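The values are calculated or read from the model by the stated rules, or taken from the named source; none is laboratory data. Just so it is clear, the model here is predicted, and its values are computed rather than measured. Protein only, heavy atoms only, side chains kept; ligands, DNA and RNA dropped before computing areas. Shrake-Rupley method; radii C 1.70, N 1.55, O 1.52, S 1.80 Å.
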Amino acid sequence: MEPWRPTLDEALAFFKQERWPEALDKFLLIRNKLAPPGVDTHIFLCMKNLGRWEGMIPYLETTVAPPNDRNPELWRILGLLYLNFERDVEKAFGAWRKALALDPSLGSKYQGLQVVFMEDSMRAAGMKPEIDFVDLATGNFSIGFR
């Protein structure tokens, strides 16, 4: 048996019981012993359930890497994280474009995503995007063009 297997089994048991802090601790202990994406998806889900948004980007980036890049909700969340923690509007727009390409209905579910549809025309008018606010708990945000 692999030396990391008992820890993985414990982590998965905690995860199934929705004991997020314990599961997260165990997954983090063995993360570097497994090939990507390894347990990054589980780490991301634990962090999301705990509301621990900071530090989540690398785990979510691994989670949405091909061939697992077909989940629009994960792309939407990744865009929010880029906006909030990296203050990177371009990366956020890129993630949101992927989300909307996979599920155009997200544009009506999350009003803030409408900004992606306006981006080209606003830039053509010489305006630049500026972050007004980001609320990770609700998914609300505002980007103004000035």
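With an 8 Å Cα cut-off and a minimum separation of 6 or more residues, compute the relative contact order for the chain in percent.
Once divided by the residue count of the chain, the mean separation gives 14 percent.
Pairs 16/91; 48/109; 98/128: which are spaced more than 26 Å apart, C-alpha to C-alpha?
Exceeds cut-off: 16/91.
Calculate, for the chain, the solvent-accessible area per residue in square angstrom, rolling a 1.4 angstrom probe over the heavy atoms of the protein chains.
So the chain comes to 55 Å² accessible per residue, rounded to a whole number.
Using helices alone, what [θ] at 222 nm do you get for the chain, with -39,500 (n - 2.57) per DSSP H run of 4 or more residues, divided over all residues and rounded to the nearest 500?
-16000 deg cm²/dmol
With springs only between Cα atoms under 10 Å, which of 125, 23, 95 fluctuates most in a Gaussian network model of the chain?
Evaluated over the chain, the most mobile residue of the options is 125.
Compute the distance from the alpha-carbon center of the range 104-146 to that of the range 50-84, in whole Å.
First find each Cα centre; the distance between them is then 18 Å.
Quick check: at a probe of 1.4 Å, how many percent of the accessible area of the range 14-111 sits on carbon and sulfur atoms?
Carbon-and-sulfur percentage of accessible area, whole number: 51.
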